[in-house]
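The values are calculated or read from the model by the stated rules, or taken from the named source; none is laboratory data. The structure presented is a predicted model; accordingly, all values stated were derived computationally and were not measured. Don't worry about glycine lacking a Cβ; one is built from the backbone with ideal geometry, like all the others, and counts go over all protein chains shown.
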Amino acid sequence: MPLPVSLGALRSLVKELQVSARDEKPLAVGGARELAAVLRRELGRDAKSGAVRHDDEPRGAAVYVYVLGHEPTEEDEQALQQARRARVPIVAVAAGALAEDVSIPFVLATDVVRVEAGEGFPVGEITRVIAARLGEDGAPLAARLPVLRRPVCEQLVARFARKNGIFAAAVFVPGPTCPCSLSTRFGCCCGSSRPTGWRSTPASVPPSCWPRSAPASACVPSPAGCSRSFR
């Protein structure tokens, strides 16, 4: 029985995953020096060598986390502008008595994490914002940064589920199969494994992930069906 998706399409998908897996850009943390050092240590816990930069240079980083302990100054604006010009995604952490209505230049409101004075950094919330900001591009970094693995895996599964939901609603293919959905299901299985350090090659893809005939009800993947491991 022929596959509902061509082998050529599957090879292209695996090749794309392999190329993005080699993109090993680090995470950079800048801003208030003492606070940035603390957050750098928290995010880099058990990380592989080179996953977190020791300085605050944004250029060439996968994401730039900027810590503010006061209203943005001209120096802060210049640092954020440098990251913006380098096309590096920015996540801001506003700590202390920074008013909620204060606008942080070059940073979307959805990419700001606020921390009350006297409280520790909410690492879980910060990593969720980083994962949402990076999307599928966060997998190579998460493979080297354990604190990012769960939120990045959750983001990947959610994105593939939304894609399959759109395909299931908008694309009609006669018969019991849903080729577009099966292709993204295959991508979900491979892509959500990349944050754990698993490298996708045609030989390493488990048989359960290869597209085959399936009912339309299989068009929307679930975390249990797509993600190999959050650990």
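From the list 93, 88, the lone residue that is within 16 Å of residue 36 (Cβ to Cβ), at pLDDT 95 or above and part of a loop (DSSP other than H, G, I, E, B) is 88. If we scan segment 115-132, do we find a residue that is part of a loop (DSSP other than H, G, I, E, B) and within 14 Å of the chain's Cα centre (by Cα)? So far as segment 115-132 goes, no, none of its residues is part of a loop (DSSP other than H, G, I, E, B) and within 14 Å of the chain's Cα centre (by Cα).
Figure legend. Inter-residue proximity from segment 54-81: first residues free of Cβ contacts under 8 Å to residues at least 40 places away in the same chain, second residues basic (Lys, Arg) and surrounded by 13 or more Cβ atoms within 10 Å (Cβ to Cβ), beta-carbon distance below 8 Å, spacing 6+ or different chains. Indicated pairs: 54/40; 60/25; 61/25; 61/53.
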